[in-house]
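Please read the structure below before turning to the comments.
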Amino acid sequence: MPTYRDEVVVLRTHKLGEADRILTMLSRRHGKLRAVAKGVRRTSSRFGARLEPFMVADVQLYQGRSLDIVQQAESLGSYGADIAAHYDRYTSAHAMVETADRLNEAEATPQQYLLLVGGLRALSRGEHAARSVLDSYLLRAMALSGWAPGLGECARCGRSGPHDTFVAQQGGMVCAHCAPTGAARVDTATVSLLESLMAGEWERVDAASAASSAAASGLIAAYAQWHLERGIRSLSHVSAPQEGDR
Ligand SMILES: [Zn+2]
């Protein structure tokens, strides 16, 4: 029987017929997967809540003619409940899975899978501000796809920095010669926060001021929207970080 196993994160689901769902998943070894979970909407389903969005599971799939079919699912991380109980975590997780869903086949690598699992785990534990977890995830997801923003040298002409203007359309920080007139200035604290978010330096991220966090979030959202073309709808529901927000 043509079956295979993989570890997956459930990105989104939609209803099919009376009791089934089609799942869109990011898997560790098989890229993005779409598969049917039969009977999953019945209260008696043997899958329980293991195939809801944000869940991490080890699944066995049967290769169907059009869509694969989920045969078994064991939970590897039930982050859904801890995420859904907090609005800021929920909106951040939603933006993360939507970003992962935007990856094309070539980009859906094991590294992207591990980055997403790590981000959802961090959100569920509430160790850092949800918006910071999202911001770090977005920067690193884009970097893995080859779209890391330039933060030191001018992203356009390569002139050595530091520079004080960020232009999403030009790829990051740009020098005074390349910056279009009227481009917003970015202070050094915000640039260094962007670097810390990219590097996962959480002590520095957690210690950043609310003003720097809000400024960095705005730049990252603009940059992510530009590079993901259609824009991440969920980002508009994510509120700016508040003072003491953890
Ligand atoms: Zn330049």
For the stretch 1-123, how big is the tail of P(r) above 18 Å, as a whole percent of Cα pairs? 48
Springs between alpha-carbon pairs under 10 angstrom, Gaussian network model over the chain: which of PRO110, PRO53, PRO180 fluctuates most? PRO180
Anyone know which of ALA183, ALA143, ALA129 comes out most mobile in the 10 Å Cα GNM of the chain? ALA183
How compact and how long is the chain, expressed as Rg and Dmax of its alpha-carbon atoms in Å? 19.6, 65
Would you please put 102-108, 120-126 in order of how densely packed they are, using the mean number of other Cβ atoms within 10 angstrom per residue and starting with the highest? 120-126, 102-108
In debye, nearest 20, what is the charge dipole magnitude of the stretch 119-178 about its Cα centre with +1 on Lys and Arg Cβ and -1 on Asp and Glu Cβ, if you could check? 160
Mean accessible area per residue over the chain (1.4 angstrom probe, all protein chains present, square angstrom) is 49
Would you look at the GNM of the chain, springs on alpha carbons closer than 10 Å, and say which of THR181, THR24, THR99 moves the most? THR181
How do 26-35, 62-71 rank on mean C-beta neighbours within 10 Å, highest first? 26-35, 62-71
Exposure of VAL56 as accessible area (Å², to 10), given a probe of 1.4 Å and all protein chains: 10
Farthest toward positive dipole pole in the stretch 158-217 [+1 Lys/Arg, -1 Asp/Glu at C-beta], among TRP202, ALA183, SER213: ALA183
Which far-off residues, 5 or more places away or on another chain, put their amide H under 5 Å from the one on LEU76, with H placed in the peptide plane? VAL56, ALA57, ASP58
Using Cα centres only, tell me the gap between the stretch 32-58 and the stretch 130-160 in whole Å. 34
How fast does the stretch 62-191 diffuse by Stokes-Einstein, in µm²/s, taking the Kirkwood radius from C-alpha pairs at 37 °C and 0.692 mPa s? 191
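The values are calculated or read from the model by the stated rules, or taken from the named source; none is laboratory data. All values reported here derive from a predicted model rather than from experimental measurement. Heads up, the Cβs are rebuilt from the backbone with ideal geometry, glycines too, and the neighbour counts pull from every protein chain shown. Note: accessible area is taken over every heavy atom of the protein model, side chains too, but ligands, DNA and RNA are not part of it. Shrake-Rupley method; radii C 1.70, N 1.55, O 1.52, S 1.80 Å.
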